[in-house]
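Undergrad: This is the structure, below, for whatever I ask next.
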Amino acid sequence: MKQLMVMLLAAAFASYGQAPGPIALRGARIVTARGPVLEHGTVLLRNGLIEAVGENIDLPKDAWVIDGQGITVYPGLIDALSTVGLPETPAQPATPPRTETPATPRLGAQEPPMPLEQGPQFRPFTTTWVRAADLLNPADRHIEEARSAGFTSTVTFPATGIFAGQGAFLNLSGEKLGRMVVASPTGQYVTLTTHGFGTYPGSLMGVIAYVRQVSLDADHYQLEMQAYAKHPAGQKRPAYDRAVEGLLESPRLLLPADNAKQLDRMLHFAAELKHPAVLYGGHEAYKIADRVAQSSVPLLINLKWPEKPKDADPDQEESYRTLELRDRAPSSPAALEKAGAKFAFYSGGAPFKDVRKAVKRAIDAGLTEPAAVRALTLSVAEIYGLSDRVGSIEPGKIANLLVVKGDLFDEKSKIQYVFIDGVKYEPVPEAPPAEREGRPTPGGVE
Amino acid sequence: MKRAALFLLALPLVAAGPTTVIRNATVITVTKGTFVGSVLIRDGKIVEAGEKVLVPDGARVIDATGKFVMPGIIDCHSHIAADSINEGAVAVSSMVGIEDVVNPDDPDIYRALAGGVTTANVLHGSANPIGGKCEVMKMRWGKDAAGLKFEGAMPGIKFALGENVKRSGSPGGGFGNSPGLRYPASRMGVEDVIREAFTEARAYQKEWRDYQAKVDRHEQAIPPRRDLKLEPLVEVLEGKRYVHAHCYRADEILMLLRVADDFGFKVRTLQHVLEGYKVAKEIAAHGAGASTFSDWWAYKAEAYDAIPYNAALMVRKGVLVSLNSDSAELMRHLNTEAAKAMKYGGLNETEALSLVTINPAKQLGIENRVGSIEPGKDADLAIFDKHPLSNYAKVDKVFIDGELYFDREKDLEERPGKEARKKALSDKLKQQEKKERKRPESPGEKKGDEPGGAQ
Amino acid sequence: MRIFLTLLLALAPLSAAEPILLRGAVVHPVSGPDIPEGAVLVRDGKIAEVGAHISVPKGARVIELKGLHIYPGMIDSATELGLSEIGAVREMNDISDLGLFKPQLRASAAVNPASEHIPVTRANGITSVITSPGGGIIAGQSVLMHLNGWTMEDMAVRAPVAIRMEYPHVQMPGRFGGGEAPGRVSAYTEAKKRYEQQVRELNDFMESARRYGQAKATPGPDFETDLRLEAMLPVLDGKLPLLIRAEKEKTIKEAIAFADKQKVHMILERGAEAWKVAAELKAHDIPVILPPTLRLPDEEDDPYDKPFSVPGELYKAGVKFAFASFGPGSEDNPRNLPYQAAAAVGFGLPVEEALKAVTLYPAQIWGVGGELGSIEKGKWADLIVTDGDPLETRTEIKQVFIKGQSVDLENKHHRLYEKYLTR
């Protein structure tokens, strides 16, 4: 009878609204992400925070107790690099939009020649100051899609341009904007994309040189500003540089590195730039895992494993390198775990509903389950410096939880619901799959 | 003997292959004659080359009877092993550099090795009057980007004159009469761009000297903003970076030499320099080297007066000449390209082989390390089964730093295994794909899921 | 009077009228064993005699070539010679015209006999070439021409010698033009549709030509001459070969099937993957005009020496082939033809076969086996005098005869060399 009452109550408070008072999940299998798994544990939530977790906890009388039989509780999954929550059309970059081909000929028009050299203020495809937190669209349907796949948070970044902008750690509650932002800024997303032969930078080496120059400009800017601040009187004031300001605000740089040579390149580059760095992509990390570990540079791994392009020419031979990457990429997380490197997962181009399957492939290739869980939860929080408030089931942390019937990585298991800031959200049925058509996906390299 | 001893003391602790003797071959040293004998390699260096060489205990012996050993070939103009070639959107792109985009996975590295090449000068392309920085690399196939670098080689930068540079700015990027969208669109503009850039570089140099002076006087000062574009140009002015300038027409060659003289620097090499034979006198007087094609011509207007006698003529006039490839394909047979300078212009064997060994080494400032078979130099060697100037010759083995990087026998042996391995992997992936297509959409989500309600 | 006549004879250029006896050299007929100290008699532009001892006919000019070698002049089976002067300058380029089906376009009508490429090329012993038009599916008529003459009438050996076409194949969009932007979801599907359409159009065109031929045989009052279809008739009758360019195994197989179905005589051009289809080529007696030996492997995982070893493989499979430069514009210079052949020798092709593949075999492939390609009685006196093996770079070409006439070896390059030697 009590069971029925609980169920009715649960149904009544299906997706919305704050459950009154404390909530407890009792007698469940609890994977805290730090320390051993509690086979028969209880977690108590109150006021949007985790109040207690353990094998035997005293529960307050007014707690809504949910029976944890047959379910596993995980920390809510965190997508380490995402565009969820941003509007579909990206914000206009400050500089002219990119052209696919070299400038189209305009017969007869006499274009003035480009200035011989662009001055220090020339900042193509750079919007370092743009903050994801300022652009949020709580009605983004991807929020629900992510939640239904077990994600309670994403680290969302603007995605277009070389310096695309600053990210924010979001709770996917999808209601009040202000309540969604857990932390901002979380870092600067850098893409190293080029924009056609006729536009600077038109080559990979051009973009790298450009990023390096901006970094040097930031160093110099700081010196200038500090010197001016000390004795403004009688001094020429330095020009305000919006792009550099945006870079200086960013606690870390996210740099693309998918295959081994890019990882090698970016590890060198990261060491050169004085900014803390995080690399993303990581598919060939299995080749260079020890080096990644030694560098202490965290690596975000794209869960969209390489696959054969959908409309490829069946008569065109693929190179061994391509095949090997396709085969071995899912073993990169295991290699990184073994080497002791710090890494986490992000959904990349993979639809949210396929994330668990993608992680399972990594587990089949040697990644341990606890490491898999950490890569989706606590490691993300640690990489972004937020492990004091989110990412594991520990007292004091934000009540973001994932409740699964069965084991998370078991094909047959089902996601029951998630808690975000202590509020319960049910998964929605699989409506039109929210394919990310026409939207820039983070994680593209080169 | 003393020199060898000194070198033994100075040897870096490099893991560079076992002590090796290449025995009983025709040794073409290039600088010290040709003889039938042997070469002793230890710790990555040539220790001895002579008619009678004692084989140390435990040395690996390579029997090269009937074969030919020559110094590893040096290609002074290459674009392999790099993920970018041109930054053509701006007229001056000296801030970019090949060192940032080295691609150690490029199969052309191995293919060059198989043609006897051991060192290549990997250059930025020819899209701008002042291009990006270059890197000298050894073809150490299998190493990472840092491992390919020719340690200690003087850094370089690429300039380009003529048609490629003018058309880069044109709409559609092709040749034609349409006005360029990017300056310059004429040879006059090319000169202007270079002069303007060096004028700026001088000002930048002064800025930093003024700052240094202040520091020396213990005055308060913040350093000037570092400009990555102008820094390499200051290095050129100070003789710390070599200029390799792509050029064709005689007049533009002279233009560049004049500009260099005006700004007080030397052009290290003129690249392609297909009309170099017309102004060989001036090139020799300036002290520039010339790195050219053996016999390409008529593919562009500025190449219409190119002649295969170019290399030989310039050699006769006292220019330091090398033959280059500018092509991953041609790179594979620079030895036979060298023979063309014998046919066209009458160079002798040693002069011809110098064009692809000691001469490019000198042009790149690495002749103390490579370019000939002499004790103390790096053990960068190629073994051919016939005389390298014969079109019937093929490369047997290639050593770099005394390590065997290419072995034709081994390459042939490994082929069936490689094919089998690829087929196995391909089949495995095909099976996986088949399985994927049969599965339901994704685990745990079947049709007809009801929202809400715990089970 | 006698003095006048003698002076006339002395001053007259070495014309075809006067017999020439070349002797003392090693003669390499190619069609038979070498003659260590042989002689060749040239009369009326043709080879009158070849042997160890030839008596000097009356009025013959004797040229002593002791210590030297006589080879047949070489034949380059694929060039743009005369159609392209400077590759990048569009105005100097007549290789292809607009349209997909243009068999009526004749390379012989557009070759510039004054092209600087001609003297430069023949100076290295190439005495005749195939110049082919390009572009579209059916590109036009190729010409086999001698590299000596004031006009095309002087130069042409066979005009046309073949009709050249490229067999349709799936063309995936590349990075630089050639279709839609890469990365489109339906890239292959769309490319395949285009290819299928081209195949249909090609077969329709052949069908139209066939019907035109039938109509022409018994022309009704409405019969109109169609130059395009007219041009195809010799091909359909099997009198003129169809030079078909195809690279990949699949395309080659389809081309063979097409040639079979259309009952035309096929020559395969390029055929990068011909080695995969060698048995079929042999079975159908289809010869191959090889792509340049000196090129990079086509696939990343190909052995590094694949292009070098293919000629040897085809030889072992019994496939007949000839080397070609595909220059001067796009690929190597035609003067380097012998070195394309030599490059295959180290990797499995016997050296005699390499020589034959630039002399006798191309002559046979192009249907002029009775006129060119070896030093045999009755053939044109296309001869080169060398100081050694012409396939080796260091060998000097001392003299070149085309149709029995000694050709001036002077050319633009040598002139410029001499000019600047003294600066």
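Undergrad: With Cβ to Cβ distances under 14 Å as the rule, what net charge do the other residues near A:LEU247 carry (K, R +1; D, E -1)?
TA: Its environment carries a net charge of +1.
Undergrad: Over region C:71-421, average the accessible area per residue using a 1.4 Å probe and give it in Å², no decimals.
TA: 39
Undergrad: While we're looking at this one, here's another question. For the interface of A with C, what's the total buried accessible surface in square angstrom, probe 1.4 angstrom, rounded to the nearest hundred?
TA: Counting both chains, the buried surface is close to 1000 Å².
Undergrad: My understanding is that a pair violates if its Cα-Cα distance is over 23 Å; which of B:LYS317/B:LYS386; B:LYS45/B:LYS143; A:LYS342/B:LYS138; C:LYS261/C:LYS306 do that in this structure?
TA: Listed pairs above 23 Å: B:LYS317/B:LYS386; A:LYS342/B:LYS138; C:LYS261/C:LYS306.
Undergrad: Further, regarding this structure: Are there residues in region C:409-423 whose accessible area shrinks by at least 50 Å² when all protein chains are included rather than the chain by itself, and which are they (probe 1.4 Å, ligands and nucleic acids not counted)?
TA: C:LYS412, C:HIS413, C:LEU416, C:TYR417, C:TYR420, C:ARG423
Undergrad: Tell me the carbon and sulfur percent of the accessible area for chain B, rounded to whole percent, probe radius 1.4 Å.
TA: Carbon-and-sulfur percentage of accessible area, whole number: 52.
Undergrad: Kindly express, to the nearest 10 degrees and within the range 0 to 90, the angle between helix C:412-421's C-alpha long axis and the longest C-alpha principal axis of chain C.
TA: On a 0 to 90 degree scale, this one is about 60.
Undergrad: If you count, for every residue in C:80-90, the Cβ atoms of partner chains within 10 Å of its Cβ, what is the mean?
TA: 4
Undergrad: What figure in square angstrom, to the nearest 10, would you give for the accessible area of B:ARG209 with a 1.4 Å probe?
TA: Roll a 1.4 Å probe over it and B:ARG209 shows about 140 Å².
Undergrad: Here's something else I'd like to know. How would B:VAL259, B:VAL53 line up by accessible area, probe 1.4 Å, largest first?
TA: Reading off the accessible areas and sorting them downward yields B:VAL53, B:VAL259.
Undergrad: Roughly how big is the B-A contact, given as buried accessible area in Å² (both sides, 1.4 Å probe, nearest 100)?
TA: 5500
Undergrad: To continue, here is another question. Cross-link candidates for B:LYS206: which lysines have Cα within less than 21 Å, leaving aside residues fewer than 8 places away along the same chain?
TA: A:LYS236, B:LYS214, B:LYS229, B:LYS240, B:LYS266
Undergrad: Follow-up question, since we're still on this one. If exposed chymotrypsin sites (Phe, Trp or Tyr not before Pro) are those in a DSSP loop with at most 15 other Cβ within 10 Å, what is the longest stretch of chain C that has none?
TA: Here the longest segment lacking exposed loop sites spans C:224-423.
Undergrad: How large a share of the accessible area of chain C, in percent, is made up of carbon and sulfur atoms when the probe is 1.4 Å and the other protein chains stay in place?
TA: Carbon and sulfur: 53 percent of the exposed surface of chain C.
Undergrad: Let's see if you can work this out: charge +1 on each Lys and Arg Cβ, -1 on each Asp and Glu Cβ, no other charges. What is the dipole magnitude of chain B about its Cα centre, in debye to the nearest 20?
TA: 560
Undergrad: Please name the residues of region B:103-140 whose accessible area, counted over protein heavy atoms with a 1.4 angstrom probe, falls by no less than 20 Å² between the chain alone and the full protein assembly.
TA: SASA drop of 20 Å² or more in region B:103-140: B:ASP105, B:PRO107, B:ARG111, B:ALA114.
Undergrad: Do any residues of region C:384-400 show a loss of at least 40 square angstrom of accessible area between the isolated chain and the full protein assembly, using a 1.4 Å probe, and if so which?
TA: C:GLU392, C:THR393, C:ARG394
Undergrad: What order, most packed first, do the peptides C:128-134, A:322-328 have when packing is the mean number of other Cβ atoms within 10 Å of each residue?
TA: So the peptides C:128-134, A:322-328, ranked by packing, come out C:128-134, A:322-328.
Undergrad: Please turn the phi angles of region A:180-186 into ³J(HN,Hα) values with the Karplus equation 6.51 cos²θ - 1.76 cosθ + 1.60 (θ = phi - 60°), one per residue in order, whole Hz, x for glycine and proline.
TA: In residue order, the calculated couplings are 6, 7, 8, 7, 7, x, 9 Hz.
Undergrad: Quick one: what does P(r) look like for the protein assembly as shown with 10 Å bins over all Cα pairs, in whole %?
TA: Calculated over all Cα pairs of the protein assembly as shown, the distribution is 2, 8, 14, 17, 18, 16, 11, 7, 4, 2, 1, 0, 0, 0, 0 percent.
Undergrad: Turning to a different aspect of this structure: In the neighborhood of B:THR269, defined by Cβ-to-Cβ distances under 11 Å, what is the net charge if each Lys or Arg adds +1 and each Asp or Glu adds -1?
TA: Value of the local net charge: +4.
Undergrad: Let me ask something else. Using only helices, what value at 222 nm comes out for the protein assembly as shown when you add -39,500 (n - 2.57) per DSSP H run of length 4 or more and divide by the total residues, to the nearest 500 deg cm²/dmol?
TA: -8500 deg cm²/dmol
Undergrad: Calculate, axis by axis, the spread of Cα positions in region B:55-103 along the three principal axes, and write the results as whole Å, longest axis first.
TA: 58, 23, 15
Undergrad: For C:ASP97 and C:TYR195, what does the FRET efficiency come to when R0 = 25 Å and r is the distance between their Cβ atoms, rounded to the nearest 0.05?
TA: 0.65
Undergrad: Could you derive backbone 3J(HN,Hα) for region A:144-155 from the dihedral phi with the Karplus parameters 6.51, -1.76 and 1.60 (θ = phi - 60°), listing whole Hz in sequence and x where the residue is Gly or Pro?
TA: Couplings: 5, 4, 5, 4, 5, 9, x, 8, 9, 9, 9, 9 Hz.
Undergrad: Treating region C:251-346 as a set of equal point scatterers at the Cα positions, no solvent, please give the Debye-formula log₁₀ I(q)/I(0) at q = 0.20 Å⁻¹.
TA: For region C:251-346 at q = 0.20 Å⁻¹, log10 I(q)/I(0) is -0.99.
Undergrad: Label B:HIS218 and B:LYS423 with points 7 Å out from Cα along Cα→Cβ: what is the distance between them in nm?
TA: Each label point lies 7 Å from its Cα, and together they span 8.0 nm.
Undergrad: Hey, can you find the accessible area per residue of region B:73-370 for me, probe 1.4 Å, expressed in square angstrom?
TA: 30
Undergrad: Can you give the FRET efficiency for B:TYR211 and A:ALA233, using 1/(1 + (r/R0)^6), R0 = 25 Å, r = Cβ-Cβ distance, to the nearest 0.05?
TA: Given R0 = 25 Å and the Cβ-Cβ separation, E is 0.65.
Undergrad: Please compute, for peptide B:297-306, the average count of beta-carbon atoms on other protein chains lying within 10 Å of each residue's beta-carbon.
TA: Averaged over the peptide's residues, the number is 6.
Undergrad: Working only with C-alpha atoms, what are the Rg and Dmax values of region B:73-370, expressed in angstrom?
TA: Both quantities, over Cα of region B:73-370: 19.1, 66 Å.
Undergrad: Nearest 100 Å², what total accessible surface is buried between chain C and chain B (probe 1.4 Å)?
TA: When C and B are taken together, about 4300 Å² of accessible area is lost.
Undergrad: Which distance in nm do the two modelled labels at B:VAL55 and B:GLU436 give, with both placed 7 Å along the Cα-to-Cβ direction?
TA: Spacing of the two 7 Å Cα→Cβ label points: 5.4 nm.
Undergrad: When DSSP beta bridges are limited to those with both residues in region C:71-421, what percentage is antiparallel, rounded to the nearest 5?
TA: Antiparallel bridges: around 50 percent, rounded to the nearest 5.
Undergrad: In nm, give the distance between the simple-model label positions of A:ASP290 and C:HIS284, each being 7 Å from the Cα along the Cα-to-Cβ direction.
TA: Label at A:ASP290, label at C:HIS284, 5.5 nm between them.
The values are calculated or read from the model by the stated rules, or taken from the named source; none is laboratory data. It should be emphasised that the depicted structure is a prediction, and the values quoted were computed from it without experimental measurement. Here Cβ is always computed from backbone atoms with ideal geometry, including for glycine, and neighbour counts include all displayed protein chains. These accessible areas exclude ligands, DNA and RNA; they are computed on the full protein's heavy atoms, side chains included. Shrake-Rupley method; radii C 1.70, N 1.55, O 1.52, S 1.80 Å.
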